[in-house]
Amino acid sequence: MSAGQLADSLRSLRDALQQSRLPLELPGSTPTAKLRHDMVAQLDDYLLPRLDRLDAPLLAVIGGSTGAGKSTLVNSMIGRLVSRTGVIRPTTRSPVLVHHPADAQWFGPDRILPGLARSLEAANDTRTLQLVAERTLPQGLAILDAPDIDSVVAENRALAAQLLAAADLWLFVTSAARYADAVPWEYLKSAADRSVALAVVLQRVPPAAMTEVPPHLGQMMAEQGLGDSPLFAVPETVTDDEGLLPDQAVAPIRDWLAALAADSQVRASVVLKTLDGAIAAVCRNAPQVAKALDEQAAAIEQLRADAEGSYREAVRTVGVQTADGTLLRGEVLARWHDFVGTGEFFRAVEQKIGWLRDRLVASLRGEPKQINEVKLAVESGMEILIREEGEAAAERAEVAWANQPAGRQLLAAGKTDLSRASDGFPAQVALAIRNWQADVLELVSSEGASKKSRARFLALGANGVGIALMMVVFSTTGGLTGAEVGVAGGTAVLAQRVLEAVFGEDAVRRLALRAKTDLDARIEALMAGELARYEAALDDAGARPEAAAAIREAVGGVNQMRGDDHRLTAPAREEIEGFTGIATQVPDRPALTDVVEAELVARPGSSEAAVEPGEEPR
C-alpha cells in the first residue's frame, strides 16, 4: 500500500470529521467538539502534509511550561539568538522555526502547518510562523520553539497544542521546580497515548538535587508509559551576556538531535513511529465523535417526537370533538334552533315525523339571514375549538422541550415564541373553516344535481342541505349524553332523516364521511403548519445524523489501510471497537536518563546560583 492511498483514506476521515457538527450542548459535547477540532487540525497540519513528503526534515517542537527556558535552550543549541526570550509574562509572539538553508523548500505555506502565514521577521502574531535559516543546524533537522502550554493567554495555549500535534518529535522542557505540575503531565500522557517520539529536558536542577530530582522524574515517566523516552537533566547555571547557556550544558541534547537527523533510517523510523501513533489515536478517537453525533441525533429525534406528539394530540382532539356532538351545543345549537324552529318540533319527534320533516323542509328554505347565522355560529364554534387546541399543542410542546437541555437551548436560540400558536394561526383557521363550508356546499350541490335527487334538493336549497349535512358530521360518533340526546341529538337525527329523504341513506353516509375526511385533512394541515415552526428550529440546529455513519465508514477505511501497510501497527480489535488503551513504547531509544554535568557558577558579588533572565531564584 502506498502513502498516497493511506493519505486518501485519512483525507476522507478528515472530511467526515470536518462536516460533522455538535450543535447541541449535551453532556460531554463540548470536549468532544474540541476533540473533533483537534483531530481535523492535526490531519491538516501534520498527518496529510507529512504523508505527502515522508522525506522532509525531522521537525522537533520545543514545548513546555511558562518560564521553563524553552527559548533559552533553542538559542543555546543554535549558538546565537534566534528566538526572543520573554522576561515579562505572558508574551505573545510568532513561533520560530529554525532550519538549515538547504531545507527551506520543505517549510513553505503549502507544507507543514499550512494554516500559519510565513515570515522571515519576528512578529507579535500567533498566526504567523517565523522562519530562520541557520547553517549550523544539521540538514534534515528543524527546531520549532512553541509558546507556553500553560500560558494565561488562550491563543498561546491553543497554538502550543497545535504545534506539538504537528511535531515528529517532542522535546519537552520543564524545570526542577515545576516538573510535577499537572498541565505538563497532561501533555506527556497525551504523548504516551499517541506513541509520540519524545525526549524530556529537565532544566535548572540544583546541584544538591541532581541525584534525587532526575531519577524521580524518570520514575514518573516510566509510570506513565514513557520509560523509553530520553531524559536530559541540566544543572542550574548562569547564562552569558547574550543569555545563552554554556555549550557543555546543551551539547548532549544538540548531539542527540543531530544524530537523529544524520541517519536517514533513524529519522524515518522516528517519523513513522509518530505518524503511526497519531493515525492510531485518530482512529481511536474519531468513533467518540460518531457516538456524540448519535446522541445529538437521538436528542433531536426526541424533541421532534415530543412536538409531533403534541400536535398529533391536537389533531385527534379536534377530530373527536367535531364528530361527537361537542359542537352541537351553545351558540351553534341556539342558531340551529332559531333556524328550524323548536317549539312543538321536538315534542313530536316520534309521533309526527312526517309533519316534522315538512316543517324542517320549510325551515331549510327559510330566509338567507337565518342560514348565515347558523353558518357563522358553526364558524365561530369550530374556530374556538381549533384555536384552543392549537394553543394547547404549542404549550405542551414548549413544556416538553423546556424539560430537556437540548430543547432549552433551541428555545433560547430561537427567534420565534414557540410557547404559543403563531400570529397567523387565527386567520389560517378562519380561512380553513370557510373553505371547508364552501366545499360542503359544493359537495351537496354535486350530489343534488342527479336526476333522482334534483327536485327534492332544489326544494330545500343548497345552503339548507349543506347546513344539515354539517349537523350530521358533527354527531357522527354519537358522543352526546343525558339531556343533550333529547336536544342536540334529536336535531342531528332529524337532519339526517331529512337528508336521507333527499339523497338516500347510503348517499348520506357517503357524503358525511367525505365531509368529515375533508375537515380532518384541513385540521391536520393547520396543525402541520404550526408544527413546522418546531421542525424549522430542529433543522436550524444543523445536526446531521448521517455524519456518524460517514465517520465510522472512514475510520474503517483507514484501519484497513493500516492493516495492509507493514510499516504501521495493524489496528487491534480493541481499537476497532473504540477501546482506548496505552500506546506502545518507542523501542531502541537512548537510556532513560542522561545527566549533563555543568559547572555551577555563582553570580558576581553573590553567593547564590545564577538564574535565567526573568526567573526567580530556586
**Request:** Tell me, yes or no, whether segment 378-396 has at least one residue that is open to solvent by 20 Å² or more (accessible area, probe 1.4 Å) and part of a loop (DSSP other than H, G, I, E, B).
**Result:** no
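Can you tell me which residue within segment 21-45, out of those that are of a type in the set (S, T, Y) and modelled with pLDDT under 95, is farthest from L164 (Cα to Cα)?
Per the criteria, the residue is S29.
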**Message:** So, in segment 211-244, exactly how many residues are open to solvent by 10 Å² or more (accessible area, probe 1.4 Å), touching a residue at least 60 places away in the same chain (Cβ under 8 Å) and part of a helix (DSSP H, G or I)?
**Reply:** 2
**Complete:** Listed by first then second residue, the pairs whose first member lies in segment 496-518 and is among the hydroxyl-bearing types (S, T, Y), whose partner is at pLDDT below 85, with beta carbons under 6 Å and at least 6 positions apart or on separate chains, are none
**Item:** Lone unmet requirement of (1) open to solvent by less than 40 Å² (accessible area, probe 1.4 Å); (2) in a loop (DSSP other than H, G, I, E, B); (3) closer than 23 Å to R267 by Cα for R135
**Value:** (1)
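For the structure I just gave you, tell me whether R254 is part of a helix (DSSP H, G or I) and in contact with a Leu (Cβ under 6 Å, 6 or more places away or on another chain).
Working: part of a helix (DSSP H, G or I): yes; in contact with a Leu (Cβ under 6 Å, 6 or more places away or on another chain): no.
No.
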**Request:** Those residues that are open to solvent by less than 40 Å² (accessible area, probe 1.4 Å) and in contact with a Gly (Cβ under 7 Å, 6 or more places away or on another chain), I need them from segment 245-283; list them, please.
**Result:** A261
**Fill in**
Wholly inside segment 12-84, helices (runs of 4 or more DSSP H) that include 3 or more residues that are closer than 25 Å to G243 by Cα and open to solvent by less than 10 Å² (accessible area, probe 1.4 Å) are 70-78
**Asked** What residue, among those in segment 306-324 that are at pLDDT 95 or above and open to solvent by 50 Å² or more (accessible area, probe 1.4 Å), is farthest from A394 (Cα to Cα)?
**Response** R316
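The values are calculated or read from the model by the stated rules, or taken from the named source; none is laboratory data. Everything quoted here is computed from the prediction, not taken from an experiment. Reconstructed Cβ throughout: ideal geometry from the backbone, glycine too, with neighbour counts over all protein chains shown. Note: areas computed on protein heavy atoms with side chains; ligands, DNA, RNA excluded. Shrake-Rupley method; radii C 1.70, N 1.55, O 1.52, S 1.80 Å.
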